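The values are calculated or read from the model by the stated rules, or taken from the named source; none is laboratory data. Keep in mind that this is a model prediction, so the values were computed, not measured. Please note: Cβ atoms are built from the backbone with ideal geometry, for glycine as well, and neighbour counts cover all protein chains shown.
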Amino acid sequence: MNAVRVAVLGATGLVGQKILEILAERNFPVRSLTALATEGHGRSVSFRGEAVPVCGVESMDWSSVDVAFFAASAEASRTYAPIAADHGVTVIDKSSYFRMDPSVPLVVPEVNGDAIGDARLIASPNCSTIQMVVALEPIRRQYGLKRIIVSTYQAVSGTGREAMETLTDETRRTLEDQTITPSTYPTPIAFNVLPYCDKFGADDYTGEEWKLTRETQKIFGMSLPVSATAVRVPVYVSHAESVYVETEKAFEVSLVHELLARSPGVRVVDNPADGIVPIPLDAADQDLVLVGRLRRDLFVDNGLHMFVVADNLRKGAATNAVQIVESLLSRWA
Ligand SMILES: NC(=O)c1ccc[n+]([C@@H]2O[C@H](COP(=O)([O-])OP(=O)(O)OC[C@H]3O[C@@H](n4cnc5c(N)ncnc54)[C@H](OP(=O)(O)O)[C@@H]3O)[C@@H](O)[C@H]2O)c1
């Protein structure tokens, strides 16, 4: 397999750092690595035990790389992704900017890897969408889906590095009885739960909630009703979701259990009697989507409830992006 010249935009951020970690962990064939951020500022990042200098994105020569992971802002993706793609670079974009562009595939390899086609610019979905579609795709194929209602419990790392520092600082200040001036979020997040993860629109849904709706519809290729409530909780890593689905065909819970247990990217963690349930601490630092609390709805014939948890920085971001490129490597061999 030919080694690849790789750039990571946002290499100093949470997702960018995780991409570097995962490229090393999976022995991705990196021929050269360019680490990019707003400015170099004399910074470096570590890759395979070596310090790699960080460069400012503005002066990037895009003809020097084959693949670029974009893990910066939507604005940075808007500006630089088309330039990189014009230079023949395959761009995997973690930002929201291109996700709903009809000409840009929105890809979760376990679900719709075929959608990549010949695209040079490929979008990776929102973290909360990724874990939900990985858990639901086997059920969609087997039983068909009629509707989804999801409530999320999202970790602060979903907001970036600064939010993790905010949680630590607010927790310490609360325990020391000091005043808190909210910074990352409008109100304190420590010892609190915020019933929104994003700005509210005129319809009273947040942007994050609409991402769950629209991105799921695009990935599944169907106008499925998806109603979401996205909530921020004081957890560092791993998003949890309470997912309710109505299926087209009748199901047996035990068969759904078996189906999920043999599905790619999923681990069934479901023995409540012994306290075995999916939780953020178990989902963190690994790539599988944990699914449990499977149970039939008490009132709707084809209604199924489940709890879905995954590491938002890994499968929800970096791992999904690396898997997209891995699926292309055989073509480039
Ligand atoms: N965190 C998650 O769970 C998650 C999941 C899925 C998708 N995403 C998406 O991934 C992206 C990165 O998120 P994150 O959590 O890693 O954020 P983060 O920790 O705040 O890091 C942001 C990174 O982007 C760089 N950056 C920001 N604006 C830039 C610009 N205009 N030009 C060049 N570089 C710029 C920053 O560089 P400096 O150090 O120079 O400021 C930093 O390296 C975002 O688009 C986010 O929506 C995040």
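Data table
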item: Hits in the range 230-250 (condition: closer than 29 Å to Y205 by Cβ and either assigned to a loop (DSSP other than H, G, I, E, B) or not assigned by TED's automatic domain parsing to the domain that holds I139 (or both)); result: V233, P234, V235, Y236, V237, S238, E248
item: Inter-residue pairs, beta-carbon under 7 Å, first assigned to a loop (DSSP other than H, G, I, E, B) and in the range 300-322, second within 9 Å of the ligand (Cβ to nearest atom) and of a type in the set (A, V, I, L, M, F, W, C), 6+ apart; result: D311/V237; N312/C127; N312/A155; N312/V237; L313/L14; L313/V15; L313/V237
item: Residue within the range 186-195 that is farther than 30 Å from S327 by Cα, of a type in the set (F, W, Y) and either surrounded by fewer than 19 Cβ atoms within 10 Å (Cβ to Cβ) or away from the ligand (no atom under 14 Å from the Cβ) (or both) present; result: yes
item: Answer from S223, S227 - the residue that is hydroxyl-bearing (S, T, Y), surrounded by fewer than 17 Cβ atoms within 10 Å (Cβ to Cβ) and in a strand (DSSP E or B); result: S227
item: Some residue of the range 261-284 being farther than 30 Å from F28 by Cβ and in contact (Cβ under 8 Å) with a residue 40 or more places away in the chain; result: no
item: Restricting the range 1-38 to residues that are in a loop (DSSP other than H, G, I, E, B) and not hydrophobic (A, V, I, L, M, F, W, C), the residue that is nearest to F69 (Cα to Cα); result: G10
item: Condition check for S46: outside any strand (DSSP E or B) and at pLDDT 95 or above; result: no
item: Tally of residues being part of a strand (DSSP E or B) and either within 16 Å of V57 (Cα to Cα) or not assigned by TED's automatic domain parsing to the domain that holds A11 (or both) across the range 81-91; result: 1
item: Verdict on A37 being surrounded by 17 or more Cβ atoms within 10 Å (Cβ to Cβ) and near the ligand (Cβ under 7 Å from one of its atoms); result: yes
item: Scan of the range 69-100 for residues that are acidic (D, E) and more than 10 Å from the ligand (Cβ to nearest atom), ordered by number; result: D86
item: Check on A273, out of contact with any Pro (no Cβ under 6 Å at 6 or more places or on another chain), small (G, A, S) and within 25 Å of R161 (Cβ to Cβ); result: no
item: Of all residues in the range 261-312 being surrounded by 13 or more Cβ atoms within 10 Å (Cβ to Cβ) and among the polar types (S, T, N, Q), the one that is nearest to the chain's Cα centre (by Cα); result: N312
item: Cβ pairs under 6 Å, 6+ apart, first in the range 161-178 and under 17 Å from H239 (Cα atoms), second in a helix (DSSP H, G or I); result: R161/L14; A163/V156; M164/V156; M164/S157; L167/V156
item: Of residues in the range 105-163 being assigned to a loop (DSSP other than H, G, I, E, B) and touching a strand residue (DSSP E or B) at 6+ places or on another chain (Cβ under 9 Å), the one farthest from the ligand (Cβ to nearest atom); result: G144
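Residue-wise test of (1) among the hydrophobic types (A, V, I, L, M, F, W, C); (2) without any contact (Cβ under 8 Å) to a residue 24 or more places away in the chain; (3) over 29 Å from T216 (Cα atoms); (4) surrounded by fewer than 20 Cβ atoms within 10 Å (Cβ to Cβ).
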position: R48; (1), (2), (3), (4): no, no, yes, yes
position: P53; (1), (2), (3), (4): no, yes, yes, yes
position: D61; (1), (2), (3), (4): no, yes, yes, yes
position: F69; (1), (2), (3), (4): yes, no, no, no
position: A76; (1), (2), (3), (4): yes, no, no, no
position: G117; (1), (2), (3), (4): no, yes, no, yes
